[in-house]
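Scroll down for the structure; my scribbles are underneath it.
The values are calculated or read from the model by the stated rules, or taken from the named source; none is laboratory data. It should be emphasised that the depicted structure is a prediction, and the values quoted were computed from it without experimental measurement. Every residue, glycine as well, gets a Cβ built from its backbone with ideal geometry; the counts of neighbours run over all protein chains shown. When the accessible area is computed, the model is the full protein with side chains, heavy atoms only, and any ligands, DNA or RNA have been set aside. Shrake-Rupley method; radii C 1.70, N 1.55, O 1.52, S 1.80 Å.
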Amino acid sequence: MSAATQTTGARDSILARLRATSIAQTPPLPDVKAWFDAHRRTEDTDQRVTRLRAALEAVKTEVHDVSTTDWLDALLRIAAAKGLRNLLIGTDTPHGAALEARQPEHLKLVRYTDAIDSWRDVLFDDIDASLTLAKSAIAEIGSLILWPNPSEPRLMSLVPSVHFVLLDVATIHSDFHSAITTEGWKDGLPTNALLICGPSKTADIQQTLAYGAHGPRELVVLLRHAAGAAT
């Protein structure tokens, strides 16, 4: 018997055994939705706000209650108290346009309009703070959800020392499962989906906690309530 015939015979024998072997049934996947439905807290928006605030403040995040009518005043007041010279805003965003329309006297607004290679040094060395809009938040883990896009690129939440985040309280979810299902994450995600839980911090080898080593040293959250809502 030739070597080729022996190889073919061995192959056929192996394949025959594989075909004859019964394949165990794949165990059913757990019903994740049912589990979360059974364990999810029954709470209203105010209770979710309270949980989110507690989690954020526990990791040195500034949280301020504002409304749809006074958030600009609050932002400018906080910026002045921090001695900020300028603020980076996105391109063609409603909140950026509202801030520009206000024409603040003592805070220069800088639009993120150019490719990073053309103004890298300015962004890293001269920009004091940035403002971005949160897509939503997760009360359970104290996380802000940001979906960077061409109007508000990822670097806006990474490079400036102070990061302002505008968050509408109606978008606060109880838990991560609620966020991804309610918002339909399965239908498409951005290049970066960010969960931000506080200012940048590290302890590294010496275990000495330091802020701002790998991102903003200050995170300021503006919890925007509907006009007339209690804050």
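Computed quantities for the displayed model
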{"item": "11 Å beta-carbon shell around His225, net charge (K/R +1, D/E -1)", "result": "-3"}
{"item": "Span-rule helices in the chain, defined as complete DSSP H runs reaching 20 Å or more along the axis (Cα) with Kyte mean at least -1.0", "result": "3-20"}
{"item": "Extension gain, Arg40 back to Leu18 (0.36 nm per residue minus Cα-Cα distance, nm)", "result": "3.4 nm"}
{"item": "Using distinct alpha-carbon pairs, which all enter the 1/r mean, Kirkwood radius of the range 58-116 in Å", "result": "12.7 Å"}
{"item": "Using alpha carbons only: equivalent-ellipsoid semi-axes of the range 68-158, gyration tensor based, whole Å", "result": "20, 19, 13"}
{"item": "Part-to-part distance (alpha-carbon centres) for the range 153-231 and the range 53-91, which is given in Å", "result": "13 Å"}
{"item": "Heavy atoms of Leu56: accessible area, 1.4 Å probe, square angstrom to 10", "result": "0 Å²"}
{"item": "For the range 88-132: rounded, prolate or oblate by the Cα gyration tensor [a/c cutoff 1.5]", "result": "oblate"}
{"item": "Spatial extent of the range 105-157: Rg and Dmax, with the Cα atoms as the point set, Å", "result": "13.5, 40"}
{"item": "Exceeding the 22 Å Cα-Cα cut-off - candidates Lys108/Lys201; Lys82/Lys108; Lys135/Lys186; Lys60/Lys186; Lys60/Lys82; Lys60/Lys108", "result": "Lys108/Lys201; Lys60/Lys186; Lys60/Lys108"}
{"item": "Prolate/oblate/rounded call for the range 165-231, Cα gyration tensor, a/c under 1.5 rounded", "result": "oblate"}
{"item": "Diffusion coefficient, µm² s⁻¹, Stokes-Einstein with Kirkwood Rh over alpha-carbon pairs of the range 76-231 at 37 °C and 0.692 mPa s", "result": "197 µm²/s"}
{"item": "Within the chain, percent of DSSP bridges classed antiparallel, to nearest 5", "result": "25 percent"}
